[in-house]
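Let me give you the structure first, and then I'll get to my questions.
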Amino acid sequence: KITTSRSAEKPTIYSTINTSPAHILFASKYKYAKSRLLELGFNVKEGNLIQNKNFQGYRTASGKERANELMNLILDEDIDILMPVIGGYNSASLLPYLDFDKIKNTKKILCGYSDITALQMAFLEKTNFSIIYGASLIPTFGEYHSKNIFGESSFFQALIEKSYDLIPPEKWSNQLLNALTEEWKNERLYEKNDGWKILNEGEGRGRVIVANIETFVTLFGSDFIPDLKNCILVLEDEDATITLEERSLNALKLYKIFDNLKGLIFSKPEIYNNKNSGLKYEELIDEIVGKRDYPIIYNFDCGHTIPSICILQNGIMNLVAKNGEIKIKIEK
């Protein structure tokens with residue numbers, strides 16, 4: 001994560017890894033992203049697992065060890081913002097070891113996306129943290145050639161603005177630039193953004209909750225799911241292979257998640273594989289979710305594509321999708 005320091009009258013970002021040990025695997029990009037945060041005016045404090053270069057292949061340490069590190073950072077009064085270095089697959093392994101009785105009266109900001117959904121959902125349910133979906137160190141601040149100005153601006157917007165309109169970026173990219181080599185410094189290939197698309201027209205207003213589909217599904221049946229009734233739900237995924245996507249979306253349908261919403265938004269997946277079915281992503285969504293009395297849009301820009309919009313969890317979202325036009329406003 002990354003943190004910011006009050007002592008210097010600017011936020012301190014704490015940097016540690018919940019999942020993939022990207023500080024070692026992508027050392028050059030990690031160093032650059034950290035320098036970018038400093039350039040933007042933040043203080044950065046690394047967790048001890050990063051400082052000690054802990055490495056266990058796919059993770060830095062056990063869930064208990066990472067939870068202990070996270071607890072220490074949460075209770076550190078000099079730290080304002082917790083920001084993951086990257087995502088991964090096992091943030092939920094911290095949850096059994098976190099002391100939410102100690103955490104619940106602490107007020108900090110938790111960022112992140114993708115697998116960090118596990119932590120964000122738990123903190124939404126059990127703490128008073130402000131939570132921003134988006135803004136992980138390497139994906140957001142590690143764009144070398146032309147920087148991720150749109151993504152960085154979106155982070156500051158979610159951090160500072162009391163209300164703001166969401167607008168689609170003019171261009172987007174899902175190009176994989178290899179961070180195991182110096183390829184990540186190359187100029188990224190972008191394509192024109194076709195904008196957000198309407199699957200079901202309507203108007204909705206409610207708390208906004210953003211989640212990674214795969215991680216979200218794994219939490220059901222636990223004590224770490226916030227109240228979703230009357231919210232506008234934003235879902236995003238990295239690898240939307242249609243077989244897995246159908247399974248996850250159908251699980252949400254069986255849990256009746258789609259029954260009591262005020263709106264539903266699907267982001268662009270980084271990768272979509274229809275497994276020779278001929279089905280478009282939106283056609284699968286329509287097949288499973290079906291006709292609803294609230295607006296449903298897709299091709300949104302919050303998740304694994306570049307740039308990605310940052311969204312304040314539990315903010316009030318106004319979503320209007322009518323006559324081919326989409327307007328979205330966030331209010332704190």
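The values are calculated or read from the model by the stated rules, or taken from the named source; none is laboratory data. What you see is a predicted model; the values in this text were computed from it and never measured. All Cβ positions, glycine included, derive from the backbone under ideal geometry; neighbour counts span all protein chains shown. Note: areas computed on protein heavy atoms with side chains; ligands, DNA, RNA excluded. Shrake-Rupley method; radii C 1.70, N 1.55, O 1.52, S 1.80 Å.
Please report the projected area of region 52-171's Cα convex hull averaged over all directions, in nm². Intermediate values should be presented prior to the final figure.
Numbers: hull surface 35.9 nm².
Mean shadow area of the hull around the Cα atoms is 9.0 nm².
With charges only on Cβ, +1 for K and R and -1 for D and E, what is the dipole size of region 246-327 about its Cα centre, in debye, rounded to 20?
The dipole of region 246-327 has a size of about 160 debye.
Can you pull the one-decimal nm distance between simple spin-label points at Asp78 and Lys185, each 7 Å off the Cα toward Cβ?
Going by the 7 Å Cα→Cβ label model, 3.2 nm.
Further question: Rounded to the nearest 0.05, what FRET efficiency do Glu201 and Asn260 give with R0 = 22 Å and r taken as the Cβ-Cβ distance? Could you check?
Computed FRET efficiency for Glu201 and Asn260: 0.70.
Here's another thing I want to ask about it. Just subtract the alpha-carbon distance of Tyr89 and Glu331 from 0.36 nm times their residue separation and send over the number in nm, one decimal. Kindly include the intermediate steps, with their values, before the conclusion.
On the way: separation 242, 0.36 × 242 = 87.12 nm, distance 3.12 nm.
Full extension from Tyr89 to Glu331 adds 84.0 nm.
Tabulate in residue order the Karplus-calculated ³J(HN,Hα) for region 312-325, using 6.51 cos²θ - 1.76 cosθ + 1.60 with θ = phi - 60°, rounded to whole Hz; enter x for Gly and Pro.
6, 4, 6, x, 8, 10, 9, 10, 10, 10, 9, 6, x, 10
Which residue, Leu176, Leu235, Leu98, has the most motion in a Gaussian network model of the chain that connects Cα atoms within less than 10 Å?
Most flexible of the set in this elastic network: Leu176.
Using 0.36 nm per residue, how much length does the chain from Glu287 to Lys147 gain when fully extended, once their Cα-Cα distance is taken away? Mind showing how you got there, number by number?
On the way: separation 140, 0.36 × 140 = 50.40 nm, distance 3.83 nm.
Gain in length upon complete extension: 46.6 nm.
Pick from Asp101, Asp239, Asp301: which residue has the top mean-square fluctuation in a GNM of the chain where Cα pairs under 10 Å get a spring?
Answer for the Gaussian network model of the chain: Asp101.
Among all lysine pairs in region 130-204 that are eight or more places apart or on different chains, how many have alpha carbons less than 26 angstrom apart?
Pairs that pass both the separation and distance tests number 7.
Could you tell me the calculated FRET efficiency between Lys53 and Arg247, based on Cβ-Cβ distance and R0 = 41 angstrom, to the nearest 0.05?
0.65
Just need log10 I(q)/I(0) for the chain at q = 0.13, 0.14, 0.16 Å⁻¹, Debye formula, equal scatterers on the alpha-carbon atoms, no solvent, rounded to two decimals.
The calculated log intensity ratios at q = 0.13, 0.14, 0.16 Å⁻¹ are -0.96, -1.12, -1.49.
State the answer as a single residue: which of Leu94, Leu124, Leu25 lies farthest towards the positive end of the charge dipole of region 25-134, with beta carbon charges of +1 for Lys and Arg and -1 for Asp and Glu, about the Cα centre.
Leu25
Right, another one. Using a 7 Å offset from the Cα along the Cα-to-Cβ direction at both Ser35 and Thr218, what is the distance between the two label points in nm, to one decimal?
The two pseudo-label positions are separated by 3.4 nm.
Angle, helix 242-254 long axis vs. longest principal axis of the chain, Cα atoms, 0 to 90°, nearest 10?
Between the helix axis and the principal axis of the chain, the angle is about 80 degrees.
To continue, here is another question. Could you report region 26-148's accessible area per residue, 1.4 Å probe, as an integer in Å²?
40
Based on the alpha-carbon gyration tensor of region 23-84 and its eigenvalue square roots a ≥ b ≥ c, which shape applies: rounded if a/c is under 1.5, prolate if not and a/b is larger than b/c, or oblate? Write out the running numbers ahead of the final one.
Numbers: a/c = 2.77, a/b = 1.12, b/c = 2.49.
Because a/c hits 1.5 or more and a/b fails to exceed b/c, region 23-84 counts as oblate.
Tell me the Kirkwood radius of region 119-246: reciprocal of the mean inverse pair distance over distinct alpha-carbon atoms, in Å.
Working: mean 1/r = 0.0573 Å⁻¹.
Result for region 119-246 stands at 17.5 Å.
If you don't mind, there's one more thing I want to ask. What number in nm² do you get for region 38-117 if you take the convex hull of its Cα atoms and divide its surface by four?
Working: hull surface 23.0 nm².
In nm², the orientation-averaged hull projection of region 38-117 is 5.7.
Another question about this same structure. Step through the residues of region 111-118 one at a time and calculate ³J(HN,Hα) from phi using the Karplus curve (6.51 cos²θ - 1.76 cosθ + 1.60, θ = phi - 60°), rounding each to whole Hz and writing x for Gly and Pro.
Once rounded to whole Hz, the list reads 10, x, 7, 6, 5, 5, 3, 4.
Lysines near Lys102 by alpha-carbon distance under 21 Å, same-chain residues fewer than 8 away left out - which ones?
Qualifying lysines at Cα under 21 Å: Lys1, Lys64, Lys126.
Pop out the Kirkwood hydrodynamic radius of region 259-316 from its pairwise C-alpha distances, inverse of mean 1/r, in Å to one decimal. Before the final figure, lay out each step's value.
On the way: mean 1/r = 0.0762 Å⁻¹.
By the Kirkwood definition, the hydrodynamic radius is 13.1 Å.
So how tilted is helix 149-160 from the main axis of the chain? Cα-based, degrees 0 to 90, rounded to 10.
Here the helix axis deviates by roughly 80 degrees.
Separate question: Give me the one-decimal nm value for the distance between modelled label points at Asp99 and Asn323, 7 Å along each residue's Cα-to-Cβ direction.
The modelled label-to-label distance comes out at 5.8 nm.
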